[in-house]
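Worksheet for the structure shown next.
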Amino acid sequence: MGREREGDLREDALRDLIARAGGCAVVDGGFATQLEKHGASINDPLWSALCLIKSPDLIKKVHLEYLEAGADVIVTSSYQATLPGFQSRGLSMEEAESLLTTSVRNAVEARDKFWSSAKRRIGNNYNRALVAASIGSYGAYLADGSEYSGNYGPEVNLEKLKDFHRRRLQVLVEAGPDLLAFETIPNKLEAQACVELLDEEGVLIPSWICFSSVDGENAPSGESFEECLDVINKSSRVGAVGINCAPPHFVLSLIQRFKLRTDKAIVVYPNSGEIWDGIAKKWLPSKCFDDDKFEVFATRWRDAGASLIGGCCRTSPCTVRAISKVLKKERS
């Protein structure tokens, strides 16, 4: 269970994984990207969560591909899976909650299946991966690009954000992941909502909170990361903080800035560098990192202070394999 007696926060799972990985663990890569490579059609407000309804076996397949590539953490397919989102498709609350539970179960079953095989391989360099339950921002649910602007409007306050996240958080925690991953948080208000909700619900599995960034300097809302980190630093329930779904050329300087402002582990999993137009729902041409660049920059990000490194949109198992290869080679 994720909620137990007060004061029994189970941070050790995350700390131990980082230690077993030699100081820097590998996070998986783009989930929707890989689903699409396998033929899934996810141009939908539910995005990759649509496969929880239509193609759950494909979700397990993608998890297994990332595990084989060397991921130490696999993130569930629940980023855009929300109770109101499922209900808008005609599902009952019970059915919607069951799909959230399934997102965790799929990842756990894939991890356990892979590990039962991998641990028997002579000379394997795998760790038993942790499962992180993905919790996308309020803007991800809106599917209007606001996770890249932080502009939720004056009617969205702290209590509304907590109410939005609360039941989903409860269901995901009860499903039994090892970690919680709050992703593409665009403003200080939602970061505060996440921190307060973890306290109010007495969540004892470790969490990370990742922001996006569109300028490499601030949160998408324009608020400084220093302001955002001040909120997170007060929480003992958040074990790591960082950046996801931002261009990779922002990452090094942001790690350096975060290291000056927090003692928490730093997690980074940028996209390929291509730019997503959240309004037009398409990728815009841009100079992007290939897998060779991720291999080179992974060591720089680690040396700058990152403890968890992976990829986000438009990255693949090949990207994760490149990251894993260089990080694990240097410690073997």
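The values are calculated or read from the model by the stated rules, or taken from the named source; none is laboratory data. As the structure is a prediction and not an experimental result, all values here were calculated from the model. So basically every Cβ, Gly included, is an ideal-geometry build from the backbone, and we count neighbours across all protein chains shown. What goes into the accessible areas is simple: the full protein's heavy atoms, side chains included, and nothing from ligands, DNA or RNA. Shrake-Rupley method; radii C 1.70, N 1.55, O 1.52, S 1.80 Å.
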- Note on the structure: The condition from (1) touching a helix residue (DSSP H, G or I) at 6+ places or on another chain (Cβ under 8 Å); (2) over 30 Å from Val108 (Cβ atoms) that Gly222 misses is numbered (1)
- Message: For the stretch 22-53, give me the residue count where each residue is surrounded by fewer than 21 Cβ atoms within 10 Å (Cβ to Cβ) and not in a helix (DSSP H, G or I).
- Response: 10
- Hey, among the residues in the stretch 110-131 that are within 23 Å of Leu179 (Cβ to Cβ) and open to solvent by 80 Å² or more (accessible area, probe 1.4 Å), which one's farthest from the chain's Cα centre (by Cα)? Lys119
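Being at pLDDT 95 or above, small (Gly, Ala, Ser) and part of a strand (DSSP E or B) is the requirement here; does Ala191 meet it? Reasoning before the result, please.
Working: at pLDDT 95 or above: yes; small (Gly, Ala, Ser): yes; part of a strand (DSSP E or B): no.
No, not satisfied.
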- Item | the stretch 151-176, subset open to solvent by less than 10 Å² (accessible area, probe 1.4 Å), in contact with a strand residue (DSSP E or B) (Cβ under 9 Å, 6 or more places away or on another chain) and not basic (Lys, Arg), residue farthest from Thr82 (Cα to Cα) | Val173
- Query: When you scan the stretch 54-125 for helices (runs of 4 or more DSSP H) that lie fully inside it, which ones turn up with 2 or more residues that are in contact (Cβ under 8 Å) with a residue 24 or more places away in the chain and in contact with a His (Cβ under 6 Å, 6 or more places away or on another chain)?
  - Reply: 93-118
